[in-house]
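Notes follow the structure.
The values are calculated or read from the model by the stated rules, or taken from the named source; none is laboratory data. Keep in mind that what you see is a predicted model, and the values were worked out from it rather than measured. Here the Cβ positions follow ideal geometry from the backbone for every residue, glycine too, while neighbour counts run over all protein chains shown. To get the accessible areas, we keep the full protein, side chains included, count just its heavy atoms, and leave off ligands, DNA and RNA. Shrake-Rupley method; radii C 1.70, N 1.55, O 1.52, S 1.80 Å.
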Amino acid sequence: MKIKEIIVVEGKDDTAKINQAIEADTIETNGSAINKEIINRIRHAKEKRGVIIFTDPDYPGERIRHIVDQAVPGCKHAFLTQNEARAKNPHNNSLGIEHASPEGIRQALSQVYELTEQQQGDITKSDLIKYRLIGVNEAHERRRRLGEYLQIGHTNGKQLLKRLNQFQITKEEFEAAVQAIQQEDEDVN
């Protein structure tokens, strides 16, 4: 599998792991202290080949994703779930692309999203309340699972509707994912 776009990652270990899974070029941000030079390289890469932002599924990774997306609009996004990015060693709590399997990386990069300008989608705040994604104790866990199903990453309650709309998730896709979560819950009970 060869990726045309340049993939923005956090560090060298991420680049090494991606190169085990696919053939691709990367730009490393070296953490969240992204300087002008790196932003300019990403901007140039987007103009020439396109860019996929592929950061760790944790707070620093989401912060880097946001910084790059704000500075260089129009990038594509790929996501790993926290389970896919968790270190296999039980004594290591870290999350990162460097811990993912080659198959998990290929899967995430085969399902990239392109953000669009914020627009009102079919999904409403009422839907989030109806499906217990905000306003209830188990909402955090349900949002995490929804983000995994839809491959859009984990968000807090305030950001969920915005993320669903940005990634142009249809009401049908949203409801299918919620139904799958409900079915899993019923199967457990």
Task: Complete set of residues in segment 86-100 that are at pLDDT below 90 and open to solvent by less than 20 Å² (accessible area, probe 1.4 Å) - done: 87
- [ ] For residue 157, indicate whether it is under 27 Å from residue 51 (Cβ atoms), among the small types (Gly, Ala, Ser) and in contact (Cβ under 8 Å) with a residue 24 or more places away in the chain.
- [x] no
- [ ] Go through (1) without any contact (Cβ under 8 Å) to a residue 24 or more places away in the chain; (2) within 16 Å of residue 17 (Cβ to Cβ); (3) among the hydroxyl-bearing types (Ser, Thr, Tyr) and name the single condition residue 81 misses.
- [x] (1)
TODO: Filter segment 126-162 for residues that are charged (D, E, K, R) and touching a His at 6+ places or on another chain (Cβ under 7 Å) and give the result.
DONE: 143, 144
- [ ] Search segment 34-80 for residues being among the polar types (S, T, N, Q) and closer than 16 Å to residue 163 by Cβ, and hand back the single one that is modelled with the lowest pLDDT.
- [x] 70
Task: segment 1-24 residues that are free of Cβ contacts under 8 Å to residues at least 60 places away in the same chain and closer than 19 Å to residue 38 by Cβ, paired with ones that are surrounded by 14 or more Cβ atoms within 10 Å (Cβ to Cβ) and among the hydroxyl-bearing types (Ser, Thr, Tyr) (beta carbon under 6 Å, 6 or more apart) - done: 15/26
Open item on the list: Looking at residue 81 and the list (1) part of a helix (DSSP H, G or I); (2) open to solvent by less than 90 Å² (accessible area, probe 1.4 Å); (3) closer than 22 Å to residue 28 by Cα, which single condition is not satisfied?
Closed with: (1)
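Residue-wise test of (1) over 12 Å from the mean Cα position of the chain (by Cα); (2) of a type in the set (S, T, N, Q); (3) in a loop (DSSP other than H, G, I, E, B).
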| position | (1), (2), (3) |
| --- | --- |
| 55 | no, yes, yes |
| 104 | yes, no, no |
| 127 | yes, no, no |
| 133 | yes, no, yes |
Task: Residue selected from segment 147-186 under the condition assigned to a loop (DSSP other than H, G, I, E, B) and of a type in the set (Ser, Thr, Tyr), by the criterion least open to solvent (accessible area, probe 1.4 Å) - done: 155
- [ ] Name every residue in segment 1-53 that is open to solvent by less than 70 Å² (accessible area, probe 1.4 Å), among the acidic types (Asp, Glu) and outside any helix (DSSP H, G or I), in order of residue number.
- [x] 5, 10, 28
TODO: For segment 61-74, state whether one or more residues are under 19 Å from residue 175 (Cβ atoms), under 11 Å from the mean Cα position of the chain (by Cα) and open to solvent by 20 Å² or more (accessible area, probe 1.4 Å).
DONE: no
- [ ] Tell me, please, whether a residue that is open to solvent by 40 Å² or more (accessible area, probe 1.4 Å), farther than 23 Å from residue 5 by Cβ, under 11 Å from the mean Cα position of the chain (by Cα) and at pLDDT below 90 can be found in segment 111-119.
- [x] no
